[in-house]
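Report on one structure; see the data block that follows.
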Amino acid sequence: MTKGVRMTHKYEIVATGVREIISQSLAPHDALPSERELMATYGVSRMTVRAAIAKLIDEGRVYNVHGSGTYVGSIDLFAKTPKLTSFTEDMTSRGYVASSRVLALSRMDADEDVAVRLGIPVATECTYLRRLRLADNNPMAIEDVYLPRAVLDIEHLHLDQSLYAQLAGSGHEVYRAEQEIQAITLSKEDSRLLAVPDGSAALRVERVSSSRHGQLIEFATTIYRADRYNFHIAVTRDHNEK
């Protein structure tokens with residue numbers, strides 16, 4: 001091999017070809033050719049095609065919907081890291097103006113699911129907030145938040161301020177959160193709110209947050225547009241594992 005010459009892997013050739021297909025003939029949310037079609041076009045294995053798609057997903061050019069296929073992403077894709085930050089902090093750090101549109105605000109009695117998540121008795125009064133989260137006035141996510149009334153009552157909730165900042169100010173700073181991420185298909189109403197085609201893919205994140213002292217203070221579900229948001233998670237292997 002000639003010194004200084006870099007070999008081009010097959011998956012990179014496929015990735016380059018798919019980028020050209022996207023730029024020449026596909027729009028956001030259009031489906032990519034199937035794995036079988038790409039295998040035939042480039043004369044490569046399924047593993048090579050999947051490596052190419054994985055690279056394009058990392059670049060934010062495409063997104064995958066389990067059991068459906070791979071689709072073209074939007075121009076802007078926001079990556080969320082495991083670091084515990086609020087939506088406002090995420091958008092501000094990227095130079096966007098975060099805002100919200102309140103869809104519902106009420107006091108409600110915790111049903112069994114909410115009660116279990118927050119470790120409170122069923123029917124405990126909670127503050128419920130549903131809002132559409134926006135970046136530069138573009139819809140990004142739908143968020144449902146449940147807070148025990150003892151943590152933050154509606155009367156003390158300021159909708160023009162960061163929720164996490166208010167919790168910290170009331171002595172209930174969010175210190176730790178456990179999250180579960182699930183791929184879903186949007187309902188007709190949620191598709192309308194997020195300004196995407198009916199039945200588009202989305203990421204549903206359930207979060208239970210606690211204080212530094214272990215008090216459970218928030219249960220939230222957030223539905224993110226899959227074409228605008230991904231979650232970047234770094235993992236390490238335990239060297240004690242064999």
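The values are calculated or read from the model by the stated rules, or taken from the named source; none is laboratory data. The structure presented is a predicted model; accordingly, all values stated were derived computationally and were not measured. Glycine also receives a Cβ, built like all others from the backbone with ideal geometry; neighbour counts cover every protein chain displayed. SASA here: full protein model, heavy atoms, side chains in, ligands and nucleic acids out. Shrake-Rupley method; radii C 1.70, N 1.55, O 1.52, S 1.80 Å.
If you take the charge dipole of the chain about its Cα centre, with +1 on Lys and Arg Cβ and -1 on Asp and Glu Cβ, which of S209, A115, T127 is farthest toward its positive end? Of S209, A115, T127, it is S209.
The loop-placed chymotrypsin sites (Phe, Trp or Tyr not before Pro) in the stretch 130-175, going by DSSP, include none that has at most 10 neighbouring Cβ atoms within 10 Å of its Cβ. Go ahead and collect, in residue order, the members of the stretch 92-117 whose backbone nitrogen is under 17 Å from a label point 7 Å along the Cα-Cβ direction of E178. Correct set: 113-117.
Match the structure shown to one of the listed values (1) 27; (2) 41; (3) 51 of percent of Cα pairs over 29 Å apart, computed from it, and give that label. Answer by label: (2).
Once the 1.4 Å probe is applied to the protein heavy atoms, the stretch 110-179 comes out at 50 Å² accessible per residue.
In this structure the amide hydrogen of Y96, modeled in the peptide plane, comes within under 5 Å of no amide hydrogen from residues 5 or more places off or on another chain. Tilt of helix 10-25 relative to the longest C-alpha principal axis of the chain, in degrees (0 to 90, nearest 10)? Approximately 70 degrees, to the nearest 10.
If R0 is 22 Å, what FRET efficiency do you get for R50 and H29 from their C-beta distance, rounded to 0.05?
Details: r = 21 Å, r/R0 = 0.95.
Computed FRET efficiency for R50 and H29 comes out at 0.55.
Placing +1 on each Lys and Arg Cβ and -1 on each Asp and Glu Cβ, with no other charges, gives the chain a dipole about its Cα centre of roughly 1060 debye. When the solvent-accessible area of the chain is split by element, carbon and sulfur atoms take up 50 percent of it, the probe being 1.4 Å. For the chain, a Gaussian network of Cα nodes joined below 10 Å ranks A226, A150, A177 by mean-square fluctuation, and the top entry is A150. Between E20 and S170, the distance separating the two model label sites (each 7 Å from Cα on the Cα→Cβ line) works out to 5.8 nm. Considering the stretch 114-242 at the alpha-carbon level, its Rg and Dmax are found to be 16.7, 55 Å.
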